[in-house]
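The structure appears right after this line, and notes come after that.
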Amino acid sequence: MIKSYLGRIYCDALSHNDQNVVEAIRKYGPFDTLLDVGCWDGEKTMQYASAAKAKKIFGIEPVREPAEAAKKLGIAVSACPADEGVWPLKDESIDCIVSNQVVEHLSNIDTFISEVSRILKPGGILITSTNNLSSWHNIFALLMGWAPFDLTNSSTKALGVGNPLSIHQGETSYKGSSWTHKTIYTSYWLHSWFKEYGFTNEDTFGAGYYPLPSVFGSFLKKHCAFIVLVNRKLG
């Protein structure tokens, strides 16, 4: 019963978070060129591109089948990891970069931010969405001596490890290590990290405030479930 309720409010918060990403694009756009890091099959990418009124749409997606699906939608997809090596995109060539539910999967976020800084135009916008380590449900889990809810899928063997209330407890894990959560962050932590690479904080959006309705996360962002950070590359 409890897990069913948690699953329902999680889905509501995730949907709200996706809406926040689109709202952030509209607020700071329009953008001629847009890159979606972790574009998957391109469906959300096309929503972002529509909100941005983008003329050129790029994506990064290392998983072959969804990357091929995204290409069929007209997205110029690069099949490379987001935290390894150099992305096949030109310096200062992109107006807006979107990363929705990606950074928590990365092993080397310095590489990610460095590449974002390299290819983003001066004054360009980075929109990053991820789980929030300082959300109340994660704090509660730590007080109980459990794994934070948003890190219970960190094992490649099984999901829900380390937290008896995890909604995925007992399920088989994802296909490989790139699907698991490596680290979850707070908004202050990420903004500080971006600042080291020449970004300034423009805005923060919040979604989810368990066990309350998701809208509370819009106003109480420090402890909401999902965060959307807007950072601008300094000229």
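Just so it is clear, none of the values below were taken in a lab; they were calculated from the coordinates. Just so we're clear, the structure is a prediction, and the values are computed from it rather than from any experiment. Cβ sites come from the backbone with ideal geometry, for glycine too, and all protein chains shown count toward neighbours.
Of note:
- For MET144, MET46, order by how many other beta-carbon atoms lie within 10 Å, fewest first: MET144, MET46
- Whole-percent P(r), segment 39-90, all Cα pairs, 10 Å bins from 0: 28, 53, 19.
- For the pair THR172 and LEU142, a Förster radius of 25 Å applied to the C-beta separation gives a FRET efficiency near 0.45, rounded to the nearest 0.05.
- Karplus-derived 3J(HN,Hα) values for segment 92-104, using 6.51 cos²θ - 1.76 cosθ + 1.60 with θ = phi - 60°, are 6, 10, 10, 8, 9, 10, 10, 9, 10, 6, 10, 4, 5 Hz; glycine and proline are entered as x.
- Approximate spin-label separation GLU92-SER15, in nm, with each point projected 7 Å along Cα-to-Cβ: 4.4
- For the chain, the ratio of Cα radius of gyration to the globular rule of thumb 2.2 N^0.38 Å stands at 0.98.
- With θ taken as phi - 60° and the Karplus curve 6.51 cos²θ - 1.76 cosθ + 1.60 applied, the whole-hertz 3J(HN,Hα) list for segment 60-66 is 10, 8, x, 8, 4, 4, x Hz, x standing for glycine and proline.
- DSSP bridge orientation in the chain - percent antiparallel, rounded to nearest 5: 50
- The chain: most fluctuating residue of GLY38, GLY124, GLY85 per GNM, C-alpha cutoff 10 Å: GLY85
- Neighbour-count ranking [beta-carbon atoms within 10 angstrom, fewest first] of TYR28, TYR185: TYR28, TYR185
- Near the amide H of LEU133, within less than 5 Å, lie the amide hydrogens of TYR185, THR186, all on another chain or at least 5 residues away, with H placed in the peptide plane.
- For segment 26-121, the square roots of the Cα gyration tensor eigenvalues, ordered a ≥ b ≥ c, give a/c of at least 1.5 with a/b no greater than b/c, which places it in the oblate category.
- Two-site label geometry, LYS53 and LYS27: point separation in nm, points 7 Å out along Cα→Cβ: 1.9
- Residues considered: GLU171, GLU61, GLU23. Largest GNM mean-square fluctuation over the chain, using C-alpha springs under 10 Å, is found at GLU171.
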